[in-house]
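Take a look at the structure set out below.
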Amino acid sequence: MILVIGGRSQGKREFVQQNLIPEADAGTVRWASGGDGGWESYMNSRYCCDFHLFIRRLMSHELGVGANGDPWKPGDEKQMEEILKALLEDAPDRILVTDEIGYGIVPADAMERQYREETGRLCCLAAKEADEVWRVLCGLGQRIK
């Protein structure tokens, strides 16, 4: 898996398309967005963007976790491992793109703080298991792993 992180609107997907997707696949890439679709469509896609939104949808119970659709359990390490396992098994050559959401002012809202924390934890787990990790800023990528 390749994990690509960066701030909102920093050119992450464009960077991936120009630098990380094989030329033969460049014209046929279909991105699965974490902002819509279901568990299966996201987990079965090779190119996944908006992972942070996928986590938000899991936490708000708009989506269930796993094939059984289990409800999100805050702070449940086993559930986080289940999500990571699905990301790695269903498409081991997946490119996962996510916004960095842990910078800036700490939100006053408890749910927003929890969302930030859980997303950060899942991204740390994903980075640990990823073959490559890239950070994109102003459209420029820097490999950090």
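The values are calculated or read from the model by the stated rules, or taken from the named source; none is laboratory data. None of the values given here were measured: they were computed from a predicted structure. FYI the Cβ positions are ideal-geometry reconstructions off the backbone, even for glycines, and counts take in every protein chain you see. Only protein heavy atoms, including side chains, enter the accessible area calculation; ligands, DNA and RNA are left aside. Shrake-Rupley method; radii C 1.70, N 1.55, O 1.52, S 1.80 Å.
Odds and ends about this structure:
- Candidate values (i) 14.6, 47; (ii) 20.1, 62; (iii) 14.5, 41, label of the one derived for Rg and Dmax of the Cα atoms in Å: (i)
- Aspartates and glutamates with Cα under 14 Å of Lys12, excluding same-chain neighbours fewer than 8 positions away: Asp50, Asp99, Glu100
- Distance between modelled label sites at Lys85 and Glu117, nm, 7 Å Cα→Cβ extension: 2.5 nm
- When DSSP beta bridges are restricted to pairs lying wholly in the chain, around 25% turn out antiparallel.
- Rough spin-label spacing in nm, given labels placed 7 Å along Cα→Cβ, for Asp36 and Tyr103: 2.9 nm
- Remark: the Lys145-Ala26 segment gains 40.5 nm on full extension, using 0.36 nm per residue and subtracting the alpha carbon distance.
- Computed on the range 33-96, with alpha-carbon pairs under 8 angstrom and 6+ residues apart, the relative contact order is 36 percent.
- Accessible surface ranking for Leu88, Leu63, 1.4 angstrom probe, highest first: Leu88, Leu63.
- Apolar share of the accessible surface for the chain: 49 percent from carbon plus sulfur atoms, 1.4 Å probe.
- Using the Cβ-Cβ distance between Ala67 and Lys128 with R0 set to 22 Å, the FRET efficiency from 1/(1 + (r/R0)^6) comes to roughly 0.35.
- Accessible surface, the range 51-134, averaged per residue in Å² (probe 1.4 Å): 52 Å²
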